[in-house]
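Notes follow the structure.
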Amino acid sequence: MTPMRRNALLIATLFSVGCRGSLSSPRGAQAISEETRSAIQLLCSDIGESACVAACPGERATREHVECLLSLRFGTDPEALEMARALYAGTNAVVGVEVRGSIEGYAGEEVELYPALPVGEHRHHLRWLHSSLVAFDGFVGALGSRTEKTVTFTPRPRGFAFFQTASPAYPSAYCWEGVIAYNIQGPLHGDHREVHETLFHELFHMNDAARSMWSTSALGPLFDSIVERCADEHECLAPFAPHGTVVPDGTYYAFDPRTRDVREYAAELAVRYFLEHETILAGEAARLPPFKCATAENQIAWSRLVDEFFGGVDLSPSCDET
């Protein structure tokens, strides 16, 4: 079990299925751009769009309009405002709030969610997210320089929708329509490295959803065969688990009966690809053995993931070398 993202329960794109409909145009804002409408949705849904339209009229360029909205919402915390602006300027991701009132937890319970801007003691999350997105841009660029194929993995979300739970609780994050919802009290957000891996997990879900849930068709039968063979037997599942994340009192996250889903398996596989290649590209000694070499099923899943999202770039040692 790795020290990162330990005891995860629900980092769910189980909630990215059936995403929300298209954005509506606020009254009096018919001429604004799609990017501005997206920013209004993220930044204004909890206070009412009319308040944002009044404070930041639509007769302005998109970036100026978004900057105005950020100033409106983060104006009471200049340091957080600077971070939110830097995140937007560097990655085009807008920081806002999640207004979904509740979500189903991993055990079927209803978890109440509350909109929460990352200000004050929570502003460091903005710095962590910005740093991670810059690193992911560099990662994808490094892969692209090693292949003539297209690296289709998109390392940037449309935005972040922050929320909090009544007490530190899952979900730590989930995604919808290119937006990553982020719990400022999420158990997986205790340090930057945990955030780093969780964010890559969610970015994969975003990419998977953009391809009509590629994972379901490409990996579904293979995943089902592993489950049929091992059920929830931890030792049997061990060589098939891409990541050490374990559900408390259960087994590996992708395979535990409470969280079992091929989309989670695919997201954990993408994180494993990132972890192995992160060290290789940095010229560091490998911290993990090549996942693809553990079983024939791993080799098939790895190859399909690499070809679909990462331009066929596989720098992990060949199985003949291990």
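The values are calculated or read from the model by the stated rules, or taken from the named source; none is laboratory data. Remember, predicted model here, so these are calculated numbers, not experimental data. Positions of Cβ are backbone-derived with ideal geometry, glycine not excepted, and every protein chain shown enters the neighbour counts.
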Open item on the list: Condition check: surrounded by fewer than 22 Cβ atoms within 10 Å (Cβ to Cβ) and under 20 Å from Ala135 (Cα atoms). Does Ile300 satisfy that?
Closed with: no
Task: Candidates Leu222, Leu288, filtered to the one that is touching a helix residue (DSSP H, G or I) at 6+ places or on another chain (Cβ under 9 Å) and closer than 21 Å to Glu194 by Cα - done: Leu288
- [ ] Please give the strands (runs of 3 or more DSSP E) falling wholly within region 36-124 in which 3 or more residues are among the hydrophobic types (A, V, I, L, M, F, W, C).
- [x] 94-97
- [ ] Could you please let me know if Gly311 is assigned to a loop (DSSP other than H, G, I, E, B) and either in the same structural domain as Thr198 (by TED's automatic domain parsing) or within 17 Å of Phe136 (Cβ to Cβ) (or both)?
- [x] yes
TODO: Answer yes if at least one residue in region 167-183 is in the same structural domain as Cys44 (by TED's automatic domain parsing), in contact (Cβ under 8 Å) with a residue 24 or more places away in the chain and surrounded by fewer than 18 Cβ atoms within 10 Å (Cβ to Cβ), and no otherwise.
DONE: no
- [ ] Test Pro290 against the criterion of being closer than 18 Å to Tyr170 by Cβ and not β-branched (Val, Ile, Thr), and give yes or no.
- [x] no
- [ ] Could you please tell me which pairs satisfy a Cβ distance under 8 Å, a separation of 6+ or placement on different chains, a first residue in region 293-306 that is assigned by TED's automatic domain parsing to the domain that holds Ala241 and closer than 15 Å to Ala238 by Cα, and a second residue that is assigned to a helix (DSSP H, G or I) and of a type in the set (Phe, Trp, Tyr)?
- [x] Ala294/Phe240; Thr295/Phe240; Glu297/Phe240; Asn298/Phe240; Asn298/Phe291
- [ ] Check Phe162, Phe204, Phe139, Phe153 and return the single one that is farther than 29 Å from Arg258 by Cβ and aromatic (Phe, Trp, Tyr).
- [x] Phe139
Task: Yes/no for Asp232 being more than 22 Å from Thr198 (Cβ to Cβ), charged (D, E, K, R) and touching a residue at least 24 places away in the same chain (Cβ under 8 Å) - done: yes
Task: All positions within region 210-227 that are closer than 14 Å to Ala254 by Cα and not hydroxyl-bearing (Ser, Thr, Tyr) - done: Leu219, Gly220, Leu222, Phe223, Asp224, Ile226, Val227
- [ ] Could you tell me whether region 257-271 includes any residue that is touching a residue at least 24 places away in the same chain (Cβ under 8 Å), acidic (Asp, Glu) and touching a strand residue (DSSP E or B) at 6+ places or on another chain (Cβ under 9 Å)?
- [x] yes
